[in-house]
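Working notes for the structure below.
The values are calculated or read from the model by the stated rules, or taken from the named source; none is laboratory data. If you're wondering where the values come from, they're calculated on a predicted model, not measured in any experiment. So basically every Cβ, Gly included, is an ideal-geometry build from the backbone, and we count neighbours across all protein chains shown. Quick note on the areas: whole protein, heavy atoms, side chains included, nothing else; ligands and nucleic acids left out. Shrake-Rupley method; radii C 1.70, N 1.55, O 1.52, S 1.80 Å.
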Amino acid sequence: MPAEPNPQIAYLDGLPASAADLAPLAFAGYAHFTAMQVRDGRIRGLDLHLSRLRSASAALFGAALSDEQVRRQLRTALQAGPGDLSLTATVYSPEGEFTAHGTGTPRLLIRTGPPSSGPGGPLSLQAVQHERVLPAIKHVGEIAKTWYLRQAVAQGFDDAAFVDRQGRLSEGSIWNLAFWDGEAVVWPVAEMLTGTTMGIVRRQLDRLGIAQRTREIRLADLPSLSGAAVMNSWTPGVPARRIGPVAIADAPEFLALLHRAHRAEPAVAP
């Protein structure tokens with residue numbers, strides 16, 4: 001029988017990456033990335049991933065790979081693996097960290113692994129005061145996210161949710177937060193990363209005619225809400241049963257709505 005395609009591969013600038021290629025990246029902390037789930041060789045929200053890479057590269061490096069360059073390298077990586085994958089595309093500067101100027105063309109590392117659909121939940125989230133540096137950019141080297149995750153688990157929670165200096169809930173360690181007020185999906189207002197799955201869900205909720213609102217949400221506001229969920233590239237919705245000291249009601253209709261919106265997004269080949 002022919003061997004199954006390997007789900008774990010790494011490509012650098014469109015070519016298979018060697019150990020020598022990858023060794024410098026062990027200390028490359030000035031980089032950004034996007035993560036996605038691939039099913040049957042197709043990706044939901046590809047335009048959002050491409051936009052994220054463009055804008056973050058412009059901000060960090062002053063230059064960006066073209067969409068077609070990224071798509072071509074995605075196609076090369078996907079052709080080498082099975083149809084269902086987890087994929088991370090990381091863009092970094094060849095000058096590395098601790099350099100005053102970067103003049104080279106950014107490089108693209110694509111890494112794949114087995115597919116994932118995330119935890120089933122419901123999750124209990126410890127509320128911790130934390131604000132990410134450059135929160136609008138999905139960048140690497142964020143030790144705080146793992147630190148707070150592990151601290152939360154050590155204290156009996158499943159993960160962490162961040163509260164900013166104004167007392168507003170912003171995001172989770174690797175999650176966006178979404179809430180339900182019984183009539184509309186409520187998105188928190190704070191400095192945060194706008195996730196690609198969040199972007200998919202929001203535009204599909206619009207197409208489905210589902211009401212959405214944005215507002216500042218503090219721990220004291222949670223008892224007035226009817227449901228909460230977290231989402232990321234793994235999944236459009238995992239229920240949250242508690243944030244900090246506040247228990248949150250089950251809202252299966254809310255979770256079903258988030259998943260319905262995500263399924264409505266067409267998956268496309270790169």
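Which is open to solvent by 60 Å² or more (accessible area, probe 1.4 Å), within 18 Å of the chain's Cα centre (by Cα) and of a type outside the set (Phe, Trp, Tyr), of Arg207, Arg203?
Arg203
Tell me, please, whether a residue that is closer than 28 Å to Glu142 by Cβ, surrounded by fewer than 20 Cβ atoms within 10 Å (Cβ to Cβ) and acidic (Asp, Glu) can be found in the range 221-236.
Yes, there is a match, as at least one residue in the range 221-236 is closer than 28 Å to Glu142 by Cβ, surrounded by fewer than 20 Cβ atoms within 10 Å (Cβ to Cβ) and acidic (Asp, Glu).
I want to confirm something. Restricting to the range 99-118 and keeping residues that are open to solvent by 60 Å² or more (accessible area, probe 1.4 Å) and not in a loop (DSSP other than H, G, I, E, B), which single residue is farthest from Val246 (Cα to Cα)?
Per the stated criteria, the residue is Arg107.
So, Leu193, is that one of a type in the set (A, V, I, L, M), without any contact (Cβ under 8 Å) to a residue 60 or more places away in the chain and not in a strand (DSSP E or B) or not?
no
Kindly indicate whether any position in the range 55-66 is closer than 24 Å to Ala229 by Cβ and either among the small types (Gly, Ala, Ser) or at pLDDT below 95 (or both).
no
Somewhere in the range 33-46, is a residue surrounded by fewer than 16 Cβ atoms within 10 Å (Cβ to Cβ) and assigned to a helix (DSSP H, G or I)?
no
Please state which one of Glu183, Glu191 is over 30 Å from Asp13 (Cβ atoms), under 16 Å from the mean Cα position of the chain (by Cα), surrounded by fewer than 21 Cβ atoms within 10 Å (Cβ to Cβ) and at pLDDT 95 or above.
Glu191
Just to be sure I understand, how many residues within the range 119-168 are open to solvent by 30 Å² or more (accessible area, probe 1.4 Å) and assigned to a loop (DSSP other than H, G, I, E, B)?
Going through the range 119-168 one residue at a time, the tally reaches 19.
Quick one: in the range 243-253, of everything that is part of a strand (DSSP E or B) and farther than 13 Å from Gly172 by Cβ, which residue is most open to solvent (accessible area, probe 1.4 Å)?
Filtering the range 243-253 for residues that are part of a strand (DSSP E or B) and farther than 13 Å from Gly172 by Cβ, the one most open to solvent (accessible area, probe 1.4 Å) comes out as Ala247.
Residue by residue through the range 169-180, note down the ones that are in a loop (DSSP other than H, G, I, E, B), of a type outside the set (Gly, Ala, Ser) and either in contact with a Lys or Arg (Cβ under 7 Å, 6 or more places away or on another chain) or open to solvent by less than 10 Å² (accessible area, probe 1.4 Å) (or both).
Selection gives Ile174 alone.
Can you find a residue in the range 2-14 that is open to solvent by 70 Å² or more (accessible area, probe 1.4 Å) and outside any loop (DSSP other than H, G, I, E, B)?
Quick first cut of the range 2-14, residues open to solvent by 70 Å² or more (accessible area, probe 1.4 Å) only: 2-4, 6, 8.
If we keep only those that are outside any loop (DSSP other than H, G, I, E, B) too, we end up with none.
No: zero hits.
Report, ordered by the first and then the second residue, all pairs with beta carbons closer than 6 Å, sequence separation of six or more or different chains, a first member in the range 76-105 that is modelled with pLDDT of 75 or more, and a second member that is of a type in the set (D, E, K, R).
As it stands, the answer is Gly83/Asp40; Asp84/Arg39; Thr88/Arg111; Tyr92/Arg107; Pro94/Arg107, since those pairs meet every condition given.
Ala64 is checked against (1) in a loop (DSSP other than H, G, I, E, B); (2) surrounded by 21 or more Cβ atoms within 10 Å (Cβ to Cβ); (3) among the aliphatic types (A, V, I, L, M) and fails just one. What number does that condition carry?
Here Ala64 meets the rest and fails (2).
Would you check if there is a residue in the range 213-227 being assigned to a strand (DSSP E or B), within 21 Å of Gly120 (Cβ to Cβ) and free of Cβ contacts under 8 Å to residues at least 60 places away in the same chain?
The answer is yes; a qualifying residue exists.
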